[in-house]
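This report refers to the structure that appears directly beneath it.
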Amino acid sequence: MNSRRNFLQKTAIFAGALALGQYKANALTALPIVDHDDEEYWKLVRAQFPLSAKKIYLNNGTQGVSPFTVINEVQQDMLEVDTQGKYGGGDEAAIKALAQFLNTKESEISLTHNVTEGVNIICWGLALKAGDQVIITNNEHVGHASPWLNRWKLSGVELVVISLAKTAEETLQNIQKAITKKTKLISVPHIPCTIGQVLPVKEICTLAKQKNIATFLDGAHPPGMLQVDLKDIGCDFYAGCCHKWMLGPKGTGFLYVSAEKRNTVQAYYGGAGVDTGWNLLSHPKEFKGYSENGHRYFYGTQNASLYKGIVKAIEFQNQIGRERIEKRVKYLAHYLQENLIKLSPDIEMLTPIEDISKAAQIAFKVKNKEVQKLQSQCSEKQIVTRFVAENNINCLRISTHIYNNTKELDTFLLEVDKFVKS
Ligand SMILES: Cc1ncc(COP(=O)(O)O)c(C=O)c1O
């Protein structure tokens, strides 16, 4: 009881400080351990974001909103760069933070600008030839589908499209059935952009290893939502971004290439950091080799302030606690899913019900109605959702992150109720 009273007192003090716009970097860690449903604590977390109180932002799956700490860091550093005439840097710290965050070696992380860039590096870097098969799914985002379709068009690589099923076991079986002697790569989303389903990635990677098939995961969503551990998953390649669930600066991403598989991914672009030495004036001309780290795949002038923002975003997540974040975002999504199902038999729930196959995104349709209209209805009430047209799925997707709460979800549910009854 005492600790609860202390917690509320501290919350009030911090909330006061925040109202004055004084961001306290340590405010969140100073609080006692709280639960995933302790709304007072999560109210304080929301106060760390500039997000308007009027907005019910349920579209983190498209783009995350950054907390003040990230925005301040980037803004201040950009000012410092131009005040002092500073150039470069920041990449090592960002790589170190990402490697710790994802449990990889630092040498296995390349800094990119988004997921799509990472997908293209793998897609073109692997020595695939006409007739080689790549397994993908029927729930891809354009950022994963388009690079592969381009590779199919230009190199004749065969794309074998499997269906995602309602259970992890069935999805795994669908992949197993699709494997042939010509399968060279399984390239699937960890969580697709469509219905928020979590794929059984560890099992997929184990299966692939047994058959000597490489694995590449489109990791646009899980980092920052789930406690992603790439060594535990055991994939060969993973493309992610910091601008969705990690709540980092826009236009920042990463690519993981396992050290064991680095030499199977050809670098097709040269530039500062890619090579281990060059000489254009010697005879013969010299290009010594490729860097034995993630720098093999990125080069040239970058915005070092954004790299600092990545470090801050990871610090912010660690401050709150990654386990606590995962529990909270799943709790909210579960709350929404349960209440949607209860709301009406006309709700067609697309996100799987089983716990291992769902996380923080819920997607649904409404029988005999176009949910795009529900999106417009919500938009008039300042509720931001995502209509998913991809792969002709035509559903509404709701993302729940740490700045959301059950009250916001209740407001959204009211709109769904009106829509269903209209
Ligand atoms: C599953 C998935 N893959 C790839 C992408 C593309 O990400 P980016 O815009 O960072 O390239 C997205 C974006 O929403 C996505 O949801």
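Some notes on this structure:
- Principal axis analysis of the Cα atoms in the stretch 55-143 yields extents of 55, 38, 25 Å, listed in decreasing size.
- For the stretch 174-257, the Cβ-based charge dipole about the Cα centre amounts to some 340 debye (Lys, Arg positive; Asp, Glu negative; other atoms uncharged).
- Across the chain, Cα-Cα distances exceeding 41 Å account for 19% of all pairs.
- Among Thr406, Val420, Pro192 - extreme Cα towards positive end, dipole of the chain, charges at beta-carbon: Val420
- Per-residue 3J(HN,Hα) values for the stretch 379-387, derived from phi via the Karplus relation 6.51 cos²θ - 1.76 cosθ + 1.60 with θ = phi - 60°, read 4, 4, 9, 6, 9, 9, 10, 10, 7 Hz in sequence order (x marks Gly and Pro).
- Sorted by Cβ neighbour density within 10 Å, fewest at the top, the residues Trp148, Trp124: Trp124, Trp148
- Only beta bridges with both residues in the stretch 91-317 are counted; by DSSP, about 40 percent of them are antiparallel.
- 5 Å binning of all Cα-Cα separations within the stretch 268-367, expressed as whole percents from 0 upward: 2, 10, 12, 10, 9, 8, 9, 10, 9, 7, 5, 4, 3, 2, 1, 0
- Residues whose placed amide H lies under 5 Å from that of Lys358, excluding near-sequence neighbours: Val198
- Toward the positive end of the charge dipole of the stretch 91-317, with +1 on the Cβ of Lys and Arg and -1 on the Cβ of Asp and Glu, the farthest Cα among Gln173, Ala304, Leu247 is that of Gln173.
- Relative contact order, percent, the stretch 170-234 [alpha-carbon distance under 8 Å, six or more residues apart]: 38
- Cβ-defined net charge surrounding Ala267, 14 Å radius [Lys, Arg +1; Asp, Glu -1]: +1
- For Thr183, residues with placed amide H under 5 Å, excluding near neighbours: Gln133
- Gyration tensor verdict on the stretch 153-228 (Cα atoms; rounded if a/c is under 1.5, prolate if a/b is larger than b/c, oblate otherwise): prolate
- Dipole magnitude for the chain: computed about the Cα centre from +1 point charges on Lys and Arg Cβ and -1 point charges on Asp and Glu Cβ, it is near 400 debye.
- Near Gly196, once Lys and Arg are set to +1 and Asp and Glu to -1 for all other residues with Cβ below 10 Å from its Cβ, the sum equals +2.
- Distant-in-sequence amide H partners of Trp278 (H built 1.01 Å from N, under 5 Å): Lys288
- Dipole orientation for the chain: of the candidates Ala47, Ala127, Ala389, Ala389 has the Cα lying most toward the positive pole (charges on Cβ; Lys, Arg +1; Asp, Glu -1).
- Contact order, relative form, for the chain: 22 percent (alpha carbon pairs under 8 Å, 6 or more residues apart, mean separation divided by residue count).
- For the chain, the antiparallel share of DSSP beta bridges with both residues in that region comes to about 55%.
- Helix-only mean residue ellipticity at 222 nm for the chain, each DSSP H run of n ≥ 4 adding -39500 (n - 2.57), per residue, nearest 500: -13000 deg cm²/dmol
- Exposed loop sites, defined as GluC sites (Glu not before Pro) outside DSSP H, G, I, E and B with at most 14 other Cβ atoms within 10 Å, are absent from the longest region of the chain, namely 1-291.
- The slack in the chain from Ala389 to Trp152, taken as 0.36 nm per residue of separation less the alpha-carbon distance, amounts to 83.0 nm.
- Rounded to the nearest 20 debye, the dipole magnitude of the stretch 290-377 is 240 debye, with +1 charges on Lys and Arg beta carbons, -1 on Asp and Glu beta carbons, and the Cα centre as origin.
- Dividing the mean sequence gap of close Cα pairs (under 8 Å, 6+ apart) by how many residues the stretch 230-294 holds gives a relative contact order of 22 percent.
- Count Lys and Arg as plus one, Asp and Glu as minus one, and take only other residues whose Cβ is under 9 Å from that of Phe419; the net charge is then +2.
- Whether the stretch 222-289 is rounded, prolate or oblate, judged on the alpha carbon gyration tensor where a/c under 1.5 counts as rounded: oblate
- Applying the Karplus relation 6.51 cos²θ - 1.76 cosθ + 1.60 with θ = phi - 60° to the stretch 403-414 yields 3J(HN,Hα) values of 8, 8, 8, 5, 5, 5, 5, 5, 4, 5, 4, 4 Hz, where x marks Gly and Pro.
- Taking label points 7 Å from Cα along the Cα-to-Cβ direction, Lys181 and Asp82 give a separation of 6.2 nm.
- Global form of the stretch 91-317, assessed from the alpha-carbon gyration tensor, a/c cut-off 1.5: oblate
Values quoted throughout were computed directly from the atomic coordinates according to the rules given, and no laboratory measurement underlies them. Keep in mind that what you see is a predicted model, and the values were worked out from it rather than measured. All Cβ positions, even for glycine, are placed from backbone atoms using ideal geometry, and neighbour counts span all protein chains on display.
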